[in-house]
Each structure stands twice: as structure tokens, then as C-alpha cells.
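Right, one structure below, let's go through it.
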Amino acid sequence: MTAPDEEPDDAIAISALQHYSYCPRQCALIHVEQAWDENVYTLRGQAVHEQVDTPESWVEGAVRVERALPLYSRRLGLVGRADVVEFLPDGTPFPVEYKHGPRRARQHDDLQVAAQAMCLEEMLGRPVPRGAIFHHSSRRRREVAITTALRTTVEEMVPKIRALLADGRLPSPVADGRCKECSLVDLCQPTLIAGGARLHALRKTLYDSDDDEDEPCATS
């Protein structure tokens with residue numbers, strides 16, 4: 001297993017898939033503007049990842065474990081690092097992503113694991129049918145099947161992210177329940193911006209309506 005000779009200029013971080021799936025504006029803030037801020041959720045996440053950020057290798061029974069393993073896909077233009085990859089007794093890689101929260105299914109987390117699996121398949125030339133999320137709060141794993149649907153979503157999302165990063169502009173905020181858990185909410189200002197956009201749209205509707213009323217009636 002070898003690293004790519006040269007990282008493509010437009011390579012996308014695997015983590016961007018998780019960010020984009022959660023919120024395109026969050027993805028642009030992090031990967032275009034290099035913005036970051038801390039909240040209780042990111043601090044917990046950092047504490048969890050400190051345990052898996054140092055490269056290390058060991059054997060547990062018949063399973064070889066690699067921590068902080070570099071990943072790449074030349075075909076997709078992805079780069080990143082797996083928290084843990086377990087190599088099962090038959091040699092099959094099994095990526096494990098660490099998350100700080102409780103055990104619950106989230107597609108944006110599953111997409112990150114799927115992208116890791118697809119990178120491992122390209123690097124090692126063997127199928128990776130499953131991976132897992134380790135939820136630190138509950139100390140439980142949630143296994144993720146690397147389905148055709150997940151693979152297709154990764155394939156379709158990568159060019160969208162690449163276009164977003166190349167464009168360099170921030171998408172409109174979602175201004176919904178996702179914002180409560182986002183560490184970038186103060187930088188993003190979703191409620192303020194979304195409210196301003198709604199006010200602008202209302203004014204435009206009213207002005208257009210006034211213009212229509214001022215037009216003279218057609219006569220025969």
C-alpha cells in the first residue's frame with residue numbers, strides 16, 4: 001500500500017463529504033474560508049479524535065489494526081485519513097470512524113465511511129463491503145453497509161463539492177434545526193441572513209405588485 005506520488009490540485013478532503021451532506025454552507029465555510037470555531041460538540045469530538053490521531057499498528061487476535069491510516073482515491077480525487085482500519089482475518093479492510101455523540105444513524109456520517117471504503121478499495125484492490133461508526137458517548141459501534149446507494153451518493157456529491165470549492169462563494173444558510181449543533185452558527189448568522197432574504201423577497205413582491213397596479217389599462 002503506497003501513498004499517491006502527488007496530491008491533485010483539486011483534491012477534496014474526505015471530511016468535506018460529511019460537511020457538505022450536513023450543510024453546504026458549513027462545507028464552504030470550513031473548506032473555502034478556512035473558518036472554524038469551537039462549541040461543546042467540536043470540543044468533545046476533538047477529545048475523541050486525540051485518541052486516534054497518532055499513527056499506530058497492533059494486532060488483536062487475528063485482526064490487524066491500523067490507526068490514523070492515510071487514504072486517497074486518484075479516481076475520485078479524495079484524500080484523508082481513517083481513524084481506524086481493521087484488517088480482518090481474511091485481509092478485508094474494515095474502516096471505523098470515531099464520533100463523539102450517541103449511537104444514532106446519520107447519513108452524513110455514513111457517507112464519510114463509504115468514501116473511506118471506496119478509497120481503501122482503490123488502494124488495496126479488494127472489496128470493502130462494510131465499515132462502522134464508533135459512538136464514543138455510548139461506547140457502541142454502529143455497523144454501516146457500504147451500499148450501492150451510498151456509493152452513488154458519494155460519486156454524485158464529489159463533483160458538487162468540487163464546484164462549490166472552485167466557485168468560492170457561500171451558499172445560502174439553511175436556518176433550521178441543524179444550526180443548533182453547528183459550531184459555526186455565530187460566523188454563519190443563518191437566522192439574520194435568512195430573515196434578510198425573506199424581507200428582500202417580500203419587498204420585491206410588494207413593489208412588483210405596485211408597478212402592476214400603476215400600469216394603464218389597455219383600451220380598444
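Read the figures in this text as sums done on the coordinates, not as results from a lab. Not measured: the values here are computed from a predicted model. As a convention, Cβ positions derive from the backbone with ideal geometry for all residues, glycine included, and neighbour counts pool all protein chains shown.
Quick look at the values:
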item: Integer Hz, Karplus 6.51/-1.76/1.60 couplings in order for the stretch 178-189, x for Gly and Pro; result: 5, 5, 5, 9, 8, 6, 9, 4, 6, 6, 6, 6
item: For the stretch 51-132: rounded, prolate or oblate by the Cα gyration tensor [a/c cutoff 1.5]; result: rounded
item: Per DSSP, loop trypsin sites (Lys or Arg not before Pro) in the stretch 140-189 with at most 13 further Cβ within 10 Å; result: Arg169
item: Values of log10 I(q)/I(0), in the order q = 0.10, 0.12, 0.19 Å⁻¹, for the stretch 12-174 under a Debye, Cα-only, solvent-free model; result: -0.36, -0.52, -1.32
item: Vicinal HN-Hα couplings computed from phi for the stretch 155-160 (Karplus, 6.51 cos²θ - 1.76 cosθ + 1.60; Hz; Gly/Pro x); result: 4, 7, 7, 4, x, 5
item: Where labels lie 7 Å past Cα in the beta-carbon direction, separation of Leu124 and Arg139 in nm; result: 2.8 nm
item: Intensity falloff of the stretch 130-191 expressed as log10 I(q)/I(0), Debye formula with alpha-carbon point scatterers, at q = 0.13 Å⁻¹; result: -0.64
